Structure formats: structure tokens, C-alpha cells
Amino acid sequence: MNLVFKKETFRDDFTFKNSPEHVRRFPFPFHEDKYMYTVNIEPHTPGPVNSVFEFPIDVDEHYVSEMEDRALVLKDDPLRCQALPHMQLAEWDLVELLMVSMSEHYPEHFTLTRDGDKWHWINRPLGIDQQFTFGDTATLPYPPMEYITRQCQGDFCLIDQRDGNLWMDAGIVTTQADWSLDFDIGMNFMEWHGPVPLAHEAGVFDRALKFLMNLQLGKPVRRLNWTMSINPRLDTSPENFHKWGSDRMTVTPENIGEKVHLRVELQGLWRLPRSNAIVFSIRCYLISMNELVSVPKWARRMPRVLKNLPPELIDYKGLSRYRQMTIDWLSRFDDGAPTSPGGQPD
Amino acid sequence: MSMNLMSGSTEIPVRVADIVQVSERVKRFRFEPVAGGSMPVFSAGAHVVVSMNIGSRRARNPYSLMGSVTDLSAYEISVLKTVDSRGGSVFLHDSVKIGDQLTVSTPVNLFPVEQRGRKFILIAGGIGITPMIAMAEQLTAQKLPFELHYAYRNDQAGAYADTLKARYGHLVHLYIDSRDERIPLDALLKNQPLGTHLYVCGPGGMINWVLESGRKAGWPEENLHSERFLAPPSGKPFSVVLERSKKTVTVGEHESILEAIEASGVEPPYLCRGGACGQCLTCVVSCDGTLEHNDHYLAPEERDGNQKIMICVSRIKGSNLVLDL
Ligand code: FES
């Protein structure tokens, strides 16, 4: 795909929009007309051309503006990026993973030249040209994780594995749906999953923990998660609840199409080779209801899914206030025709 | 959580680039990627599973990666020739020649260097030296202090003793059984600075001795690390019914359940093939005898429960086992 990077905002005047091509590549997460809870983990292997799964790290038309938004968040609140000292090796692992993937798959935008530990990185969209020594933090303007994640869409957490557990010991989190790195840093797997409803039921977490601890090199996995948010706001963190919490009150039947957004997180998990840590990536995709109904299949399916949500999920995702209004608005686009299986447009 | 994500592991075709006799019973093998380029980055403590076709049988043995994590032109392993009848090490020693092709898995690290550690005590017995060679390399590169204590049977058996001594000098301490030299474990365990981590690899008895002594000396469990490669023990043959795949296989005297199942074309998940990682855990539907648990993974309650078995190393005393596979 020929990428044209857009100039847009995720705050204040909210000029974010998807181009028609980007609407069609949106990772619509519902594979049938009703919501089914599954631990939908699959191998993170290349998907169809032009889909968000085509490459391990997806770069899209929002890249430059998202990176500007991240810089603003970090300026206001440097604690959104934290790393415990023992995670340094994992930080370098992440630098390698992201630079190699981005330069291999988007050579017109990114170039990486390696000569032993002398690396040269060129990021054309952001106008960066950096020579550095791999492994030597003093040769970069920021610590390694912060350096590269200021240039890569999505949040990243680096998870250390020790003592039969996983520890959230580093991360950069500026586009999160309602959780806090500052709160979770240094916590282990069971602790940071504490607040999820129905969570410790049926050994789900024990199984997930075992699965992650045995995650293999070269076999990353992914899953989609979703929620909804008002306005295309990337930073809906607890720290900033006072800024976005009241957005929900502003939804009216007249503005649903532009205000209500489906927010899909593409979560990836990779084993890192040098540190044996795990990187957990959380990439956020946003689509307004106006954009969503331009795909007839999604226009039909979305209200059907919203109607069938289990009540505890409606609460957990914070949809109570505007769910019914959204269903009513969307139902105008649902002619009742059957939909084809799978999430992709027809 | 679907299991097919984890089954097997990614296999890399390699060519044997070099074979060096290191000591009486140890040979070092150098594996270069057949496709050219470099091998995947690995970390000290990682192992690979080497697959070999021995006659009509496919053997898969885990070996620690040695050498420097910065040299990725090839992987190197060292193989102790053991005269168990399973034949993997004998095959590598006697039949594999320079230029032959084998496959190795992507590296798996069940014995990683704890990045919060301030000091490292490495204890190796015999062939257990191999992961420690990579560790010493990595710790040196990371400028972390370590000492290596290496015990072996006799003068002919000390693979890499001289090289290590030459490279690391006073950081390396050698103990030769035949000269009645013993690792001064009690003294070692005493008065170590906070943040010291101990790593041990070697024969089972030695590992138990070190871990037990560590615990007795008041070391926290998190600071004691061990890796044992348990070869699947032999035993009387028995049959295994794979209930979901509707297959019946016979597990031979010198074969593991996992190997017998693989030979039938079913590929259960595994990582260590040595009873340590938990990956091959399988549910038992029924068994007409008793389960012989040989792993280090299952908790005592789980062993007694008779509902789970680690098929890479465990067997049954009996004639028929039905598995949920
Ligand atoms: S494969 Fe690791 S315990 Fe069996």
C-alpha cells in the first residue's frame, strides 16, 4: 500500500479520520453476529496483503500524527514510560525487533544498516537519521525502549520472566484504554490482572501464565481485544480520566456517527532473544460509527453484537451510558439481511 | 487456549561445519545454517533440540548452546557420549560427519541469566559445563561479576577446563574427583553479597546436593537455578492409545512415550524433552498399571492424582495407557 501520512489530532479538535482504504483494512473483531467470549489467541503470522496483519509491525497512515500525540503525552507525564534497571537488555531486544521489522517491510520509509554493533537508522517520515552503538545506551538520545517506541505506533510492555512468574517491569503506555503503567509497573502476572471481572475463574489465568511462560522464540502470537470510546482519543488513561471521563456525557443521537468509536487493540506477544523477556504490544485502531457503517456487513453486524452483550461486559467496558443510543442509531443501517462469516468486508 | 500454537518448534536445517574431539568422551559440533545467513540470536542458558534420523527412528535430543551469543554464524554444542541404548549421543559421535545435514530447533531458554543479579556463582559438573560457557561469555559482556566452579571425574574428562582457565584465570576453579578435590560448597554459600544468584548444571545428584545445601544455608528459592537434562529412562514396553487421534502406539524399551507418539505422525507440544518445562503435560484417561513419574515438573499432589503425565520422560508399569491426545 502506498502510505500517505495524515496530519490529524487525537485531542482537542479531534481531526482524526480513516481514509476509505483504511476503513476497509480496519481489524473488525466480530466474526459472527453475536459476541462470543473466547481466548482468541492465534499465531502472529503474516495475514492478507494490505491487512493490519500483513507485517509483524503495522505502520499506517496515522503514523506521524500518532507519534506526535505520544510526544505530547510524554511531555505532560514522563511516567508513561518507565523501565526498571534490569530490563536494559530487553530494551535493546525491542530496538532490534522493531527496527528490523519496520525497515524490512517499509524500506521506502525506514532503513537500518548494521555493521557489527555499529547501527545506522533512518526514519524518513519523522526525519530521523541516527548512528549508534547497539547495546550502548549513551549513544542514543533516549533510553533504548523510549527511543524506538517514540517511533512506533502502539504501546509496549516488557515482561520479565523469573521465579515461575511474569513481571511487568518496563513499558511505554500512552494509548491505553483505561489502565495505568505507573500502577502496574513491577507487578506480577496475577497482580496486574486483579481487576478483570470473572478473572480468576476456572484457572484461566493459570493456563494463560503457563502458555506465556513457554512462549517460543520466533513464534509470536496475537489476539484482538475491543472496547468503545467517545472521540478518537488515544490517551484514555486513568491518569487523565478528568479530561476524558466526561466525554461520555456529550453523546447525543445527533452526533453518534462521529463521536462513538469502536476501538480495537491488536495485542502481540513475542519472546525476546537476548533477555528472554516477553514484549507485549498493544496497538490501537479506531473507527467512527460513520466510517464503520460504510461497510454494509459491519453496519448490519455491529448493532446485533451490541444487543447481545453480557451485562457484566457492558459495565466493564463502560458502555452503559450510550450503548442503547448507539444500537438505535446503528439499527437504521441493518436491513436484517444475513451476514457472511468472518470479520472482513465482503 | 489452543495447543497447536505451541506444538513442536521451528526447525532450522543445519550443516555440520566442524567436529572437534574435546576430551575423551566429549565432541563439539558446529552447525551452520544450510540456507546461509546467520542463526537466530540466543541467550546464555538456551538449548536447542537436535533432530537426527537413526535408521528408521527419529531421535530428538536437547543440547545447551555454548559459545558467544555475539557469534551467530553457527551454533555450537558439546555432546557427551553416553552408552545408553537410545543412541542419540552415540550416533552423533560415531556416525555424523562434517558436511552432514541435521535440523535444530529455535533456541529455548529455561535457564536464563537473571538480569537483576549482582553476582553469579556458576557450578558445573561434567558435561554440565556447556551452558556455563555461554553464561561466562554473556556475564563478561554484561560486565557482571561471576565465579565458575567446575568439577569433573579425572584429568581426561575436563572438557574445556584449560580453555576456561586460560580465558578467565582466577574466576575459574577446577575440582578433579580422582584427586579427591571437592567443591567447597559450604564456604561458597556463606557470606555472599545480596543479589547473588547460583546456577548449577550437572548430574542429578550434584544438582540436588547444591540446591539442598543452598536452601539449608538460607538462600531464597528465587536465587537458586538449576538445569538438568534428564534422558528418558528405559523400561518395559507398553502400549498407548491416543483417544482423540484414534491411534495405538507401542512404546519400546528405550523409547519415550513422546518419541513413540511422534513416530506415529502425531506431534504433541514439547520444549525441553527432559521433564522440566511442563510443555508436554498430557491428561491420562486410564492406565491399567501404575504411572512412573520421572519428571521434575509435576507437584507431588499431581503425581499422586494419576491424571497427568509428562510424556517426554515418564512411563508406566503396566501394559496399557490411554491418553487424551
Ligand atoms: S517437554 Fe518439557 S516437560 Fe516434557
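What the table shows:
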item: Residues (polar (S, T, N, Q), over 17 Å from B:PRO232 (Cβ atoms) and part of a loop (DSSP other than H, G, I, E, B)) located in segment B:72-102; result: B:SER73, B:SER95
item: Tally, over segment B:278-288, of residues that are open to solvent by 40 Å² or more (accessible area, probe 1.4 Å), within 29 Å of B:GLY205 (Cβ to Cβ) and β-branched (Val, Ile, Thr); result: 0
item: Count of residues meeting criterion [open to solvent by less than 60 Å² (accessible area, probe 1.4 Å) and away from every other protein chain (no Cβ under 14 Å)] in segment A:19-70; result: 31
item: Every pair of residues 6+ apart whose Cβ atoms lie under 8 Å, when the first sits in segment B:145-169 and is within 19 Å of B:LEU185 (Cβ to Cβ) while the second is in a loop (DSSP other than H, G, I, E, B) and open to solvent by less than 90 Å² (accessible area, probe 1.4 Å); result: B:HIS149/B:ILE183; B:TYR150/B:GLY158; B:ALA151/B:GLU181; B:ALA151/B:ILE183; B:ALA151/B:GLY202; B:TYR152/B:GLY158; B:TYR152/B:ALA159
item: Selection count, segment B:257-298, where residues are closer than 25 Å to A:LEU215 by Cβ and of a type in the set (A, V, I, L, M, F, W, C); result: 12
item: Single residue of B:THR163, B:THR140 found to be within 14 Å of chain A (Cβ to nearest Cβ) and either in a helix (DSSP H, G or I) or over 23 Å from the mean Cα position of the chain (by Cα) (or both); result: B:THR140
item: Segment B:58-69, residues that are surrounded by fewer than 23 Cβ atoms within 10 Å (Cβ to Cβ), outside any strand (DSSP E or B) and in contact with a strand residue (DSSP E or B) (Cβ under 6 Å, 6 or more places away or on another chain); result: B:MET66, B:GLY67
item: First in segment B:261-275 and within 16 Å of B:SER56 (Cβ to Cβ) and without any contact (Cβ under 8 Å) to a residue 24 or more places away in the chain, second anywhere and more than 6 Å from the ligand (Cβ to nearest atom) and of a type in the set (D, E, K, R), Cβ under 6 Å, 6 or more apart; result: B:SER264/B:LYS247
item: Residue count, segment B:306-325 (criterion: without any contact (Cβ under 8 Å) to a residue 60 or more places away in the chain and open to solvent by 40 Å² or more (accessible area, probe 1.4 Å)); result: 3
item: Any chance B:ALA260 is closer than 15 Å to B:ASN320 by Cβ, within 15 Å of the ligand (Cβ to nearest atom) and touching a strand residue (DSSP E or B) at 6+ places or on another chain (Cβ under 8 Å); result: yes
item: Any pair with Cβ under 6 angstrom, 6 or more apart, that starts in segment B:87-116 at a residue that is more than 15 Å from B:LEU271 (Cα to Cα) and ends at one that is in a loop (DSSP other than H, G, I, E, B) and open to solvent by less than 10 Å² (accessible area, probe 1.4 Å); result: B:VAL113/B:ALA44
item: Among (1) open to solvent by less than 50 Å² (accessible area, probe 1.4 Å); (2) within 13 Å of the ligand (Cβ to nearest atom) - the single one B:LEU291 does not satisfy; result: (2)
item: Residue, farthest from the other protein chains (Cβ to nearest Cβ), within segment A:83-100, restricted to residues that are surrounded by fewer than 19 Cβ atoms within 10 Å (Cβ to Cβ) and touching a residue at least 24 places away in the same chain (Cβ under 8 Å); result: A:LEU84
item: Residue count, segment A:117-134 (criterion: buried (at least 18 other Cβ atoms within 10 Å of the Cβ) and farther than 24 Å from A:LYS7 by Cα); result: 2
item: Residue list for segment B:263-275, filter: more than 7 Å from the ligand (Cβ to nearest atom) and either touching a Cys at 6+ places or on another chain (Cβ under 7 Å) or facing chain A (nearest Cβ under 10 Å) (or both); result: B:PRO268, B:PRO269
item: Residue ID - farthest from the other protein chains (Cβ to nearest Cβ), chosen from residues in segment B:88-117 that are farther than 17 Å from B:PRO62 by Cβ and open to solvent by 30 Å² or more (accessible area, probe 1.4 Å); result: B:ASP94
item: Residue identified as on the phi > 0 side of the Ramachandran plot, more than 16 Å from the ligand (Cβ to nearest atom) and more than 21 Å from the chain's Cα centre (by Cα) among B:LYS246, B:LYS236, B:LYS216; result: B:LYS246
item: Given (1) open to solvent by less than 30 Å² (accessible area, probe 1.4 Å); (2) within 14 Å of another protein chain (Cβ to nearest Cβ); (3) assigned to a loop (DSSP other than H, G, I, E, B), number of the condition B:PHE120 does not satisfy; result: (3)
item: Extreme residue, surrounded by the most Cβ atoms within 10 Å (Cβ to Cβ), among residues of segment B:294-305 that are within 14 Å of chain A (Cβ to nearest Cβ) and within 13 Å of the ligand (Cβ to nearest atom); result: B:TYR297
item: Residue check, B:GLY278 in contact with a Leu (Cβ under 6 Å, 6 or more places away or on another chain) and within 16 Å of the ligand (Cβ to nearest atom); result: no
item: Count of segment A:295-342 residues which are farther than 30 Å from A:GLY245 by Cα, surrounded by fewer than 17 Cβ atoms within 10 Å (Cβ to Cβ) and not charged (D, E, K, R); result: 7
item: Segment B:36-57, residues that are surrounded by fewer than 20 Cβ atoms within 10 Å (Cβ to Cβ), within 14 Å of another protein chain (Cβ to nearest Cβ) and in contact (Cβ under 8 Å) with a residue 12 or more places away in the chain; result: B:SER38, B:PRO40, B:VAL41
item: Check on B:HIS254, away from the ligand (no atom under 15 Å from the Cβ) and under 19 Å from the mean Cα position of the chain (by Cα); result: yes
item: Of the criteria (1) assigned to a strand (DSSP E or B); (2) crowded, with 16+ Cβ neighbours inside 10 Å; (3) modelled with pLDDT under 95; (4) more than 14 Å from every other protein chain (Cβ to nearest Cβ), which one B:ARG30 fails; result: (3)
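Okay, residues lined up against (1) open to solvent by 10 Å² or more (accessible area, probe 1.4 Å); (2) touching a residue at least 60 places away in the same chain (Cβ under 8 Å); (3) in contact with a helix residue (DSSP H, G or I) (Cβ under 8 Å, 6 or more places away or on another chain):
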| position | (1), (2), (3) |
| --- | --- |
| A:LEU224 | yes, yes, no |
| A:PRO232 | no, yes, no |
| A:SER237 | no, yes, yes |
| A:GLU254 | yes, no, no |
| A:LYS259 | yes, no, yes |
| A:GLU265 | yes, yes, no |
| A:LEU269 | yes, yes, yes |
| A:TYR285 | yes, yes, no |
| A:VAL293 | yes, no, yes |
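The values are calculated or read from the model by the stated rules, or taken from the named source; none is laboratory data. Remember, it's a predicted structure, so these values are computed and weren't measured experimentally. So basically every Cβ, Gly included, is an ideal-geometry build from the backbone, and we count neighbours across all protein chains shown. Surface areas here come from the heavy atoms of the whole protein model, side chains and all, with no ligands, DNA or RNA. Shrake-Rupley method; radii C 1.70, N 1.55, O 1.52, S 1.80 Å.
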